[in-house]
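**Student:** If you scroll down you'll find the structure; I have some questions about it.
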Amino acid sequence: MTVPVPFSRLAVIGGGAWGTALALAARRAGRDVRQFARDPHVVEALGARGENPAYLPGISPGLPIRATTDLETALQGAEAVLLVTPAQTTRQMAGEIAARVPAGTPVVLCAKGLERESGLLLSQVLEEAAPGCIPAALSGPSFAADVARGLPTAVTVAAGDGDLADRLSLTLASAQFRPYAATDLPGVQIGGALKNVLAIACGAVEGKGWGASALAALTARGFAELSRLGLALGARTETLAGLSGLGDLVLTCSSPQSRNFAFGMALGRGEAALSGGKLAEGVHTASVAVAFASRHGVEVPVSA
């Protein structure tokens, strides 16, 4: 049996909370990390202390990260790339990455969503925009603040090739962060995307003040809905029942730390949107999910 060899140098593309958390996870795993962020103040704080006061205030991990505002510098020499920008920017960022890395470079998609305009999975977007790169995906029950603090977290890392999935998982693994390798690349993405829609609905129940019983019932019925649609789209049962499906759903549908849950809470209270302009990716995914369901003859009353 061949023992996988971890990638030693990683580029993390994205200067938000999740990008910083994953850069810190990779640093704890002993990898050489270079992070791309657009905000020079974020870059300075990352380089000094591994902090991101703009997105992770109050968290001081004390692990400096090589950060830069120059994409080419971040990607130079990278053996694998973590793409940690919003789902709707994947096509643009994939094209920019493809022009700067060798063919065959793995790109791990860390956003959870579907492309709104095309309805494609993000791996399909990557294949179109960066045909020389190899798609992978990271998903699971993981709040950025928990990962940044080094609290115990488990996720799924999927790639079409099992050896690559094993290698990427080993690359990010540490005592605090446990990736499980999988080959169901579509299923991992579908579970992560669809649970965002259901989290908005659960947040609305909380915002309305309808109680824990209603919230539990909606979470359970939401999982049944996610499973029906996920299986119709080609996901595997064990994937949807695992970390990137049920696990992520339980986390996201129970805490205002989730942007989608918080967005739903705001809707339930009659507010227009989240404060601070935070992104709720489930808003973009909902219409795509309902269209998928209509085409496949699947009932999705919660998403609709």
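The values are calculated or read from the model by the stated rules, or taken from the named source; none is laboratory data. Note that this is a predicted model, so its numbers are computed, not measured. So basically every Cβ, Gly included, is an ideal-geometry build from the backbone, and we count neighbours across all protein chains shown. Just the protein is used for accessible areas: all its heavy atoms, side chains included, with ligands, DNA and RNA removed. Shrake-Rupley method; radii C 1.70, N 1.55, O 1.52, S 1.80 Å.
**Student:** With every protein chain present, what accessible area does Lys208 have (1.4 Å probe, heavy atoms only), rounded to the nearest 10 Å²?
**Tutor:** Rounded to the nearest 10, that gives 110 Å².
**Student:** Now a separate question. Name the residues of the stretch 287-304 whose amide N is less than 20 Å from a point 7 angstrom out from the Cα of Thr237 along the C-beta direction?
**Tutor:** Backbone N within reach: 298-299.
**Student:** Here's another thing I want to ask about it. Using a ≥ b ≥ c from the Cα gyration tensor of the stretch 46-114 (square roots of the eigenvalues), is it rounded, prolate or oblate, where a/c under 1.5 gives rounded and otherwise the larger of a/b and b/c decides, a/b for prolate? Intermediate results must be reported in sequence, preceding the final value.
**Tutor:** Working: a/c = 2.40, a/b = 1.47, b/c = 1.63.
It comes out oblate by the Cα gyration axes.
**Student:** Here's another thing I want to ask about it. I need the P(r) histogram for the stretch 225-270: all alpha carbon pairs, bin width 10 Å from 0 out to the longest distance, whole percents.
**Tutor:** Calculated P(r), rounded to whole percents: 27, 39, 28, 6.
**Student:** Separate question: Using +1 on the beta carbon of Lys and Arg, -1 on that of Asp and Glu, and nothing else charged, what's the dipole of the stretch 207-304 about the Cα centre, debye to 20?
**Tutor:** Dipole size: approximately 120 debye.
**Student:** Can I ask one more? Per DSSP H run of at least 4 residues, take -39500 (n - 2.57); add these up for the chain, divide by its residues and hand me the 222 nm value, nearest 500 deg cm²/dmol.
**Tutor:** Numbers: 13 runs with 141 residues, N = 304.
That calculation yields -14000 deg cm²/dmol at 222 nm.
**Student:** Next up: D for the stretch 115-233, whole µm²/s, Stokes-Einstein with Kirkwood Rh over alpha-carbon pairs at 20 °C and 1.002 mPa s: what number? Numbers along the way, then the final one.
**Tutor:** Details: Rh = 16.1 Å.
It diffuses with D of about 133 µm²/s by this estimate.
**Student:** Output the antiparallel fraction of DSSP beta bridges having both residues in the chain, as a percent to the nearest 5.
**Tutor:** Numbers: 5 of 30 bridges.
About 15 percent, rounded to the nearest 5.
**Student:** Additional query: Looking at the stretch 1-138, I'd like the Rg to Rh ratio, where Rg is from alpha-carbon atoms and Rh is Kirkwood's inverse mean 1/r. Kindly include the intermediate steps, with their values, before the conclusion.
**Tutor:** Values: Rg = 14.6 Å, Rh = 15.0 Å.
With Rh from the inverse mean 1/r over Cα pairs, Rg/Rh is 0.97.
**Student:** For a quick check of your reading of the filter: which GluC sites (Glu not before Pro) in the stretch 202-304 sit in a DSSP loop and have no more than 16 other Cβ atoms within 10 Å? Write out the running numbers ahead of the final one.
**Tutor:** Details: sites: Glu206, Glu225, Glu238, Glu271, Glu281, Glu299; in loops: Glu271, Glu299.
Sites meeting the loop and neighbour criteria: Glu271, Glu299.
**Student:** Oh, and also: Taking C-beta distances below 4.7 angstrom as the pairing criterion, name the unpartnered cysteines of the chain, in sequence order.
**Tutor:** Unpaired cysteines in the chain: Cys110, Cys133.
**Student:** Modelled label-to-label distance, Arg221 and Asp39, 7 Å Cα→beta-carbon offset: nm?
**Tutor:** 3.9
**Student:** Please give the FRET efficiency for Glu128 paired with Ala212, using the beta carbon to beta carbon distance and R0 = 41 Å, rounded to the nearest 0.05. Could the numbers behind the result be given before it?
**Tutor:** Working: r = 44 Å, r/R0 = 1.06.
Calculated transfer efficiency: 0.40.
**Student:** Calculate one ³J(HN,Hα) per residue across the stretch 61-78 by plugging θ = phi - 60° into the Karplus curve 6.51 cos²θ - 1.76 cosθ + 1.60, and present them in order as whole Hz with x for glycine and proline.
**Tutor:** x, x, 10, x, 10, 5, 10, 8, 8, 9, 4, 4, 5, 4, 8, 4, x, 5
**Student:** For the stretch 236-275, list residues with backbone N below 16 Å from a point placed 7 Å from the Cα of Gln176 toward its Cβ?
**Tutor:** None, by backbone N distance to the label point.
**Student:** Please provide three numbers in whole Å: the alpha-carbon extents of the stretch 97-175 along the principal axes, with the largest listed first.
**Tutor:** Result, largest extent first: 36, 28, 23 Å.
**Student:** Still on this structure, I have one more. Dividing the Cα radius of gyration by the Kirkwood radius, what Rg/Rh value follows for the stretch 201-304?
**Tutor:** On the way: Rg = 13.7 Å, Rh = 14.2 Å.
Value, to two decimals: 0.97.
**Student:** To continue, here is another question. Can you give me the three principal axis dimensions of the chain from its C-alpha atoms, in Å, biggest first?
**Tutor:** 49, 41, 35
**Student:** Taking N as the number of residues in the stretch 201-250, what is its Cα Rg relative to 2.2 N^0.38 Å?
**Tutor:** Details: Rg = 12.1 Å, N = 50, 2.2 N^0.38 = 9.7 Å.
Normalised Cα radius of gyration, the stretch 201-250: 1.24.
**Student:** Let me ask something additional. Sorted from largest down, give the three principal axis spans of the alpha carbons of the stretch 163-207, whole angstrom values.
**Tutor:** Its Cα atoms span 42, 26, 9 Å along the three principal axes.
**Student:** Which of Ala286, Ala182, Ala266 moves the most in a Gaussian network model of the chain with Cα springs under 10 Å?
**Tutor:** Top of the fluctuation ranking is Ala266.
**Student:** Using a 1.4 angstrom probe on the protein heavy atoms only, could you order Ile13, Ile134 from most to least accessible area? Each step should come with its number before you reach the end.
**Tutor:** Details: Ile13 0, Ile134 70 Å².
Reading off the accessible areas and sorting them downward yields Ile134, Ile13.
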